[in-house]
1. Given only helices, namely DSSP H runs of n ≥ 4 each adding -39500 (n - 2.57), what is the per-residue ellipticity at 222 nm of the chain, to the nearest 500 deg cm²/dmol?
2. To test your reading of the geometry: what angle, between 0 and 90 degrees and rounded to tens, separates the Cα axis of helix 110-121 from the longest principal axis of the chain?
3. What's the local net charge at Leu112, with K and R +1, D and E -1, over the other residues with C-beta under 10 Å away?
4. Set Lys and Arg Cβ to +1 and Asp and Glu Cβ to -1, take the dipole of the chain about its Cα centre, and tell me which of Leu139, Gly205, Cys86 lies farthest positive.
5. Determine ³J(HN,Hα), in whole Hz, for all residues of segment 20-28 in sequence, where each value follows from phi through the Karplus function 6.51 cos²θ - 1.76 cosθ + 1.60 and θ = phi - 60°; x replaces Gly and Pro.
6. Would you mind checking the tilt of helix 90-108 against the longest principal axis of the Cα atoms of the chain, expressed as 0 to 90 degrees and rounded to 10?
7. Have a look at His81, His140, His107 and tell me which one the Gaussian network model of the chain (Cα, springs below 10 Å) gives the largest fluctuation.
8. Using only Cα atoms, tell me the angle between helix 151-169 and the longest principal axis of the chain; keep it within 0 to 90° and round to the nearest 10.
Amino acid sequence: MSPRSASVNEALRQRSRERLLQATVELVGERGFEATTLGDIAQRAGAARGLVSYYFPGKRQLLQSAVHRLMHLTLQAALEHEPVPCGPDAGRELLARAIDAVLGLAHDHPLLMRTHMAGILMAEGFIQCPEQQRLAHLLHGVVAAYGSPDPDADYPLLRAQLMGSVVPMLLPGAPTSLALMRAELFQRYELPWRLGVPPQERPPGGGADRGPVEPSTVGA
């Protein structure tokens, strides 16, 4: 039998890594961070325990990469969902979909996202991994499509706005509703409520949906 090519080996390594990331999302979402061990993750992924340490320096780093992968895949699916946005409102529709995707993860996976946010706010900060870079690339593209004259400067502001909206939704015992946080972001970016995937027919408070407006600078 001839040895596997370098490309085949790389594809196998990537699949192993992705199985570990997926297993981490599942287990932390089910049990929480402290109750999930690296051995549990390896077992769920069908991988050797040593493979976890080969790819990731620790459990916090593994979790952050795993959640960034989930966010990247969720955001990508939302942006590519048919019908693909086109025309003068395409940029606003993409931004609305991005907001809905991120807020939806906080709503649907509160334990996982709460643990993820806690890790970021601790000493680790953002970990520069392929998953985080893919997520950043997508959000940067959304900012550019929205009409920002300086996406490099405005992307971090969008990221900060999304993080600032997710945190109130995750407060134990006193969560803020998805609809309220969505309404705040949509007002900031002048997005009609009907764009994206509205959680209810009208914004909280019964306000009317706004019609199309001229796109403003993301960082305004």
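1. It comes out at -21000 deg cm²/dmol, rounded to the nearest 500.
2. With both axes taken from Cα atoms, the answer is about 80 degrees.
3. Within the 10 Å Cβ shell, the charges total -2.
4. It is Leu139, whose Cα lies furthest towards the positive end.
5. Using θ = phi - 60°, the values come out as 5, 5, 5, 4, 5, 4, 5, 6, 5 Hz.
6. On a 0 to 90 degree scale, this one is about 60.
7. His81
8. 90 degrees
Computed from the coordinates by the stated procedures, all read-outs in this text should not be read as laboratory data. Bear in mind that the values here come from a model prediction, so they are computed numbers and not experimental data. Reconstructed Cβ throughout: ideal geometry from the backbone, glycine too, with neighbour counts over all protein chains shown.
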